[in-house]
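**Q** Here it is: the structure, laid out below.
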Amino acid sequence: TIASLARQWKIPAQLIYNVNASKIPDPNELTPGVELKLIEGPFYAELDTQGQSMTLFLSDMYAGSFEIQSTPGILTGEYVIVDKSAQDRIDRPFCIKLNSGVSIYANPNAPAANDEVVLKPVEAEEIFSILSAASRIRVLR
């Protein structure tokens, strides 16, 4: 199953499906013999609160960069994703929670409040599908 591949390769099941959607008509059933593209994870991210950007990495290789809105009160350090919710609240889709209490989510209409990082909806959905529970996030200034 996609879920078992996700555990084995340390990446979210949604990422496997997104990359291989044309070969997987039913995400609950894999066809034997179909070759899938897989990337061994996990991914990690760096949040630059001064430069207002989030950069994704796979091992030490650059995987993409995204514009963010954050508040200066977010403490520097290394944190871990402890929870992911596709719809935390009506105004916070694709919410990723860190063990520091910081939340990362999509909301194009509101500025970030304390301990929050806000992304554009399309980018938040992409990051949500790439980062997994237990992925590391390093916060920089």
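**Q** Going by the conditions given, is D48 over 19 Å from the mean Cα position of the chain (by Cα) and open to solvent by less than 80 Å² (accessible area, probe 1.4 Å)?
**A** No; evaluated as a whole, the condition is false for this residue.
**Q** Moving on. Filtering the range 38-72 down to residues that are of a type in the set (F, W, Y) and touching a strand residue (DSSP E or B) at 6+ places or on another chain (Cβ under 6 Å), which residue is nearest to A21 (Cα to Cα)?
**A** Here the answer is F43.
**Q** Would you say I68 is surrounded by 15 or more Cβ atoms within 10 Å (Cβ to Cβ), in contact with a Phe, Trp or Tyr (Cβ under 9 Å, 6 or more places away or on another chain) and hydrophobic (A, V, I, L, M, F, W, C)?
**A** Working: surrounded by 15 or more Cβ atoms within 10 Å (Cβ to Cβ): yes; in contact with a Phe, Trp or Tyr (Cβ under 9 Å, 6 or more places away or on another chain): no; hydrophobic (A, V, I, L, M, F, W, C): yes.
No, not satisfied.
**Q** Let me ask something else about it. Can you pull out the residues in the range 113-129 that are open to solvent by 20 Å² or more (accessible area, probe 1.4 Å) and touching a strand residue (DSSP E or B) at 6+ places or on another chain (Cβ under 6 Å)?
**A** Residues satisfying the conditions are E116, P121, E123, E125, F128.
**Q** Looking only at the range 97-109, decide whether some residue is at pLDDT below 95, closer than 24 Å to L15 by Cα and over 16 Å from the mean Cα position of the chain (by Cα).
**A** The answer is yes; a qualifying residue exists.
**Q** Enumerate the pairs (first residue in the range 102-116 and in a loop (DSSP other than H, G, I, E, B); second residue anywhere and surrounded by 11 or more Cβ atoms within 10 Å (Cβ to Cβ) and hydrophobic (A, V, I, L, M, F, W, C)) with beta-carbon separation below 6 Å, excluding pairs fewer than 6 apart on the same chain, so at least 6 apart or on different chains.
**A** That search, which allows pairs on different chains as well, returns V102/I74; N107/V118; A112/V118; D115/V102.
**Q** List the number of the failed condition for Q87; all other conditions in (1) modelled with pLDDT of 80 or more; (2) open to solvent by 70 Å² or more (accessible area, probe 1.4 Å) hold.
**A** Every condition holds for Q87 apart from (1).
**Q** Can you go through I2, I39, I74 and tell me which one is free of Cβ contacts under 8 Å to residues at least 60 places away in the same chain, open to solvent by less than 40 Å² (accessible area, probe 1.4 Å) and either closer than 16 Å to V118 by Cβ or of a type in the set (A, V, I, L, M, F, W, C) (or both)?
**A** The match here is I2.
The values are calculated or read from the model by the stated rules, or taken from the named source; none is laboratory data. The model shown is predicted, which means the values in this text are computed figures rather than measured ones. Cβ sites come from the backbone with ideal geometry, for glycine too, and all protein chains shown count toward neighbours. To get the accessible areas, we keep the full protein, side chains included, count just its heavy atoms, and leave off ligands, DNA and RNA. Shrake-Rupley method; radii C 1.70, N 1.55, O 1.52, S 1.80 Å.
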